[in-house]
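Take a look at the structure set out below.
The values are calculated or read from the model by the stated rules, or taken from the named source; none is laboratory data. Because the structure is a prediction, the values reported are computed rather than measured. Please note: Cβ atoms are built from the backbone with ideal geometry, for glycine as well, and neighbour counts cover all protein chains shown.
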Amino acid sequence: MSLQTASAFLMIEPVAFGYNAETAENNYFQHADHASPEHAIQEKALQEFRNMVDTLRQNNVHIVVVKDTLTPHTPDSIFPNNWISFHENGQVVIYPMFAPNRRLEKRMEILEHIRQEGFHIANIKDYSGFEASNRFLEGTGSMVLDRDSKTAFAALSERTDKELFLQFCHDFHYTPVTFYAFQTSQGQRVPIYHTNVMMSIGRQYAILCDASIDDEQEKRDVMQQLKRVGKSVISISENQMNHFAGNMLQIKNRTGKEFLVMSQTAHESLSKTQKEQLREYNDFLIINIPTIEYIGGGGVRCMMAELF
């Protein structure tokens, strides 16, 4: 039985979603909207969030929603997969975050809420102490996990510290695969802030923006590792990555039916051939979140923390 796809997810309902200047330092997917008032941006994001939750629940996916709080101010709380991950046998991991205001998202009462929903939490591994030495690892944003083969992929960046990634892999018995991934911003090649915007791993396939791996040997190594663990590789272009085509998540519902969750933006960027390839493995759940993508610089995958 595959461990790769979850059927239950934690999602955080926003109360003060907005542009986060602290994360914009190295997230080139974010855009400020100076024309819209803050409350209007929050209202649009809330509408998009609730539509996503409704769509998932209508397809029999178990969603645990926890509402954010107005204080402390956490404009990126809608992306919980960066500060927490859940694993088989009740293991929970808390991560060190690059932006100081994102560290405030770590609310332990959320774990109590999840317990009350019937999920088993056996032990918590907290790497937050590494924030004091400016070493960061932002959950399943920094790492893309193949839970079946216990292989972890990480594009190294300011937010993904190599030694800390290797420590996680040692602690949780994953084989580490590291590389550097880049995107073009204002004519410069700059590191991609999170691995999960350029790579997604499902049970049978991987979506990969191999064009973002500039080093040819690293590119070959990543492709070989994906094939070694039995994944068919579907390549996407850098332009498609910029439209969040790498930020997808294969999930299943309560009956075991598999879906690939993607945004409308991502779906529209895919070619007919790519859609046909992906539909061989699962149906699509297409969700429109333009405000969240444009202002927050994160997509549907970032909004879902898998509950195992």
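Below is a table of values for the structure above.
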read-out: Scope the stretch 280-302; condition within 21 Å of residue 82 (Cα to Cα) and not in a helix (DSSP H, G or I); matching residues; value: 287, 289, 297, 298, 299, 300
read-out: Pick from the stretch 53-68, criterion surrounded by fewer than 16 Cβ atoms within 10 Å (Cβ to Cβ) and charged (D, E, K, R), ranking: nearest to residue 7 (Cα to Cα); value: 57
read-out: Strands (runs of 3 or more DSSP E) completely within the stretch 39-116 that count 2 or more residues being modelled with pLDDT of 95 or more, out of contact with any Leu (no Cβ under 9 Å at 6 or more places or on another chain) and under 22 Å from residue 195 (Cβ atoms); value: 91-94
read-out: Residues located in the stretch 175-217, provided they are of a type in the set (D, E, K, R) and surrounded by fewer than 17 Cβ atoms within 10 Å (Cβ to Cβ); value: 189, 214, 215, 216
read-out: Residue 76 of a type in the set (D, E, K, R), touching a strand residue (DSSP E or B) at 6+ places or on another chain (Cβ under 9 Å) and buried (at least 16 other Cβ atoms within 10 Å of the Cβ); value: no
read-out: Residue among 296, 246 that alone is more than 14 Å from residue 207 (Cβ to Cβ), in contact with a helix residue (DSSP H, G or I) (Cβ under 9 Å, 6 or more places away or on another chain), buried (at least 24 other Cβ atoms within 10 Å of the Cβ) and not acidic (Asp, Glu); value: 296
read-out: Unmet criterion (only one of (1) closer than 30 Å to residue 169 by Cα; (2) out of contact with any helix residue (DSSP H, G or I) (no Cβ under 9 Å at 6 or more places or on another chain); (3) of a type outside the set (A, V, I, L, M)) for residue 87; value: (2)
read-out: Identity of the residue in the stretch 123-151, free of Cβ contacts under 8 Å to residues at least 60 places away in the same chain and assigned to a loop (DSSP other than H, G, I, E, B), that ends up nearest to residue 77 (Cα to Cα); value: 138
read-out: One residue from 273, 291 being surrounded by 21 or more Cβ atoms within 10 Å (Cβ to Cβ) and modelled with pLDDT of 95 or more; value: 291
read-out: Count of the stretch 233-263 residues which are free of Cβ contacts under 8 Å to residues at least 40 places away in the same chain and within 15 Å of residue 298 (Cβ to Cβ); value: 4
read-out: Test: residue 132 is loosely packed, with under 13 Cβ neighbours inside 10 Å, small (Gly, Ala, Ser), more than 17 Å from the chain's Cα centre (by Cα) and over 30 Å from residue 229 (Cα atoms); value: yes
